[in-house]
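The values are calculated or read from the model by the stated rules, or taken from the named source; none is laboratory data. A quick note: this is a predicted structure, and the numbers were derived from the prediction, not measured. No Cβ is skipped: glycine too gets one built from the backbone with ideal geometry, and neighbour counts run over all protein chains shown.
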Amino acid sequence: MKFKKIFNDQRVVLTLLTIALFIFFGLRNYAFFNVDFVIYPLLRDGATLTVIGLAQLCVLSIGHLNLAVGRMAAVSALVAGASYQYWGLTLVQGAILGVLAGALLGAITGWIIVKSQVNAFIVTLAMDFALLGLVTFIYVTFTGATAAFTTKPAGMDYWRSKSLADFCLGPICGPKALPMMLIPAIFCLILVSFMFSKTRIGRELLSTGSNLRAAKLSGIPVENRVMTAHIFSGTLAGIGGLMLAYTNGSFTAAIGSQVMLPSFLGPVLGGTLLAGGAVAVLGTFIGTMMTLVIRQGLSVQGIGLETLNIALGLVLLLALSVGQIQKMFTSTKLREKK
Amino acid sequence: MKKSLIASLAAVALLLTGCSSSSDSADSGGEFGAIKVGLVPGGAHPYFQPWKDGGAAAVAEFGIGGTEFNETGEWDQTKHNAAIDALAAQGYNAFGVFGVSPTDINTTFAGLKAKGFAVGSLASCPGGYDIVKEPQKNSADFCLSTDTGKAAYLAATAVIKEMGGKGNLVHLTGNAVDANTIRRMEGVKQAIAETGGKVKLLTTITDIDSDLQSATKAVTDLLAAKGKQINGIVTTAYNPAVAATDGVSSTKLPIKVIAIDDDQKILDAIKSGVISGTVVQNPWGQGYVGSWVLSALGSKKCTMNTPGLYVDSGSFLVTKDNVDTYNDTRQATSKEILAAFQNEYMTCKS
């Protein structure tokens, strides 16, 4: 009975599925177990996409979408990059400025939604276009042919290339497969998880997403909570943007341009509801990792571009259907018992 | 429930920490047969397709262990890095790479070099500095690419000549924040400046090289709005070139066009006189020469005299006069570039 309960948890099923896929790809081609070229980069990219997924999760919790999540990441990277290049700030100082820029953008987005009462889809779509123009304009104006801020503050490469193997307690060092980039991701996972499970703000966000009218009648300041969700989203998008810039090596307009769809994929695969009211924080990490394992697994098999995308789509569809298939089996069994 | 979840995650962690590297670094032998070259463009684009044939020709001619063309980068630096990693995991030990982001790719090159691989920057050089003056800043062993500014200048000069040295010119090109595009824009502006004001740049349309549909729409809108004012169009990106050829052909406007690259549509349009010509680049030569140089470096047979050296892979004006013979010229130029690497740019063991 307890065993059945465990398997009704989507996160457990998703974790087992990810492990199964990982082993399957590894057995098909042993190169997939390579630490340097597969596991380490997978976890590093997974860490970044998880943080961006959490940015999306924050607004999904109230039933909103943030289509500008990638551009918010780009603006944060731009601000941090400019601060390193022109003002000579340290890695941490620039990072703080960048994250604050993300938070400010989130606040502006939330404020527009609250004041205009226009759907978040429209507002964030408009914000995405506006920020695309702004980011491109600033890079071209200030950096000319380079179109990027290329100054690397001390410590930037450390975050890109080092692993927990560089952390030692006496003779025992951490595993080489775990990148340093996992640390900010774990920090964000813990904070977001704590907020939704242990704080009043978290519960109010979920109530707002679950039933706006009921939340209002219960005395929840829903307009404030809309602002809160978008501020968190902007902040996390900012952290994700910095992680992308540190990983890739410079601050460009292209940062975040490809993360909008993955930002939904992780949370939704993990069990977060698009309609709001329920979030899966750890599920976001597991869902993100599963998509990356599938993609890189197929890539290591040497599958071409078209086949790769078809196979990726089919496997994801199957993974998304697992929950539904489980429910079907459960309801059939219940009917049989009756 | 939580305990079971933690147990599952612990299992993953155990699996990860228990894994060991199967090929931590490149350990190339002394022969070309031990070298497997990964040719990795930033994503799918017709421009890069001749890399496959160029690489295959090098394998057949020089006995290289093999080449693999991987275009799964999808124009995203993160996915591009993942594509390179996938090849490295499969045992590829030399890489010819087109960087999605010119300012990011040096970081990728440095990572590959640190693992002992031979790395060449093909079709685009790392950005953020002047590669000709400061080759030491290139983390790859060399850069073999079109001099985009020079190619754009060549195209603009040719179209201005066709326009009779006066009139309004339009420039159609790719991503506005790409360093190569900015060099192309400068090349076109230089050719216009040399006319002493007789030719005016009516407009430069950027960001229309992502796909043919958006390029076609931009050209259709342009010709509908300003078709009669335009005397010449110079295109410095593939999709706008095809779209401009189609647009001028269907509207029959008396606009002189110099395109870029050698799509069959463009070649047919040159033969039928719809457009004046095209500037072709040399992706075949990049694949062919690049594969040999990477094998020579990977096998430790040769070393670069100037690490990070930039070499122009060539650009050629094709008109009705040489449309049937330009490919021979291009292949001959590729052999000359290869000879220059062997005799001038590298020092090789006998």
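Note on region A:226-285: residues that are in a helix (DSSP H, G or I) and either of a type in the set (A, V, I, L, M) or more than 11 Å from chain B (Cβ to nearest Cβ) (or both) amount to 33. Checking region B:326-345 against the condition returns no match, with no residue being outside any helix (DSSP H, G or I) and more than 22 Å from the chain's Cα centre (by Cα).
The residue pairs whose first member lies in region A:188-205 and is over 15 Å from A:Ile239 (Cβ atoms), whose second member is of a type in the set (Ser, Thr, Tyr) and in a helix (DSSP H, G or I), and whose beta carbons are closer than 7 Å, counting only pairs six or more residues apart or on different chains, are A:Ile201/A:Thr228; A:Leu205/A:Thr228. I'd like to know if region B:205-218 contains one or more residues that are under 26 Å from the mean Cα position of the chain (by Cα), touching a residue at least 60 places away in the same chain (Cβ under 8 Å) and in a helix (DSSP H, G or I). No.
On the given criteria, is A:Leu261 closer than 30 Å to A:Leu317 by Cα and hydrophobic (A, V, I, L, M, F, W, C)? Considered against the rule, which asks whether it is closer than 30 Å to A:Leu317 by Cα and hydrophobic (A, V, I, L, M, F, W, C), A:Leu261 comes out as yes. Filtering region B:148-173 to residues that are crowded, with 22+ Cβ neighbours inside 10 Å and either part of a strand (DSSP E or B) or within 14 Å of chain A (Cβ to nearest Cβ) (or both) leaves B:Thr148, B:Ala152, B:Leu169, B:Val170, B:His171, B:Leu172, B:Thr173. Residues in region A:145-165 that are more than 7 Å from chain B (Cβ to nearest Cβ) and in a loop (DSSP other than H, G, I, E, B): A:Thr151, A:Lys152, A:Pro153, A:Ala154, A:Gly155, A:Lys162. Among the residues of region A:184-196, is any within 28 Å of A:Pro267 (Cα to Cα), in contact with a Gly (Cβ under 7 Å, 6 or more places away or on another chain) and modelled with pLDDT of 90 or more? Among the residues of region A:184-196, at least one is within 28 Å of A:Pro267 (Cα to Cα), in contact with a Gly (Cβ under 7 Å, 6 or more places away or on another chain) and modelled with pLDDT of 90 or more, which makes the answer yes.
Looking only at region B:298-314, decide whether some residue is assigned to a helix (DSSP H, G or I) and crowded, with 23+ Cβ neighbours inside 10 Å. Spell out how you get there, then give the answer.
Pass one, region B:298-314, residues assigned to a helix (DSSP H, G or I): B:298.
Subsequent filtering for residues that are crowded, with 23+ Cβ neighbours inside 10 Å retains B:298.
Taking every residue of region B:298-314 in turn, at least one turns out to be assigned to a helix (DSSP H, G or I) and crowded, with 23+ Cβ neighbours inside 10 Å.
Check whether at least one residue in region A:17-39 is within 14 Å of another protein chain (Cβ to nearest Cβ), among the charged types (D, E, K, R), in a helix (DSSP H, G or I) and buried (at least 24 other Cβ atoms within 10 Å of the Cβ), and report yes or no. No, there is no match, as no residue in region A:17-39 is within 14 Å of another protein chain (Cβ to nearest Cβ), among the charged types (D, E, K, R), in a helix (DSSP H, G or I) and buried (at least 24 other Cβ atoms within 10 Å of the Cβ).
In the set (1) crowded, with 19+ Cβ neighbours inside 10 Å; (2) within 14 Å of chain B (Cβ to nearest Cβ); (3) more than 25 Å from A:Ser197 (Cα to Cα), the condition left unmet by A:Gly46 is number (3).
State whether the residues of region B:115-123 include one that is over 22 Å from B:Asn282 (Cβ atoms) and either more than 8 Å from chain A (Cβ to nearest Cβ) or buried (at least 24 other Cβ atoms within 10 Å of the Cβ) (or both). Yes: region B:115-123 contains one or more residues that are over 22 Å from B:Asn282 (Cβ atoms) and either more than 8 Å from chain A (Cβ to nearest Cβ) or buried (at least 24 other Cβ atoms within 10 Å of the Cβ) (or both).
Residues in region B:169-186 that are small (Gly, Ala, Ser) and closer than 22 Å to B:Leu222 by Cα: B:Gly174, B:Ala176.
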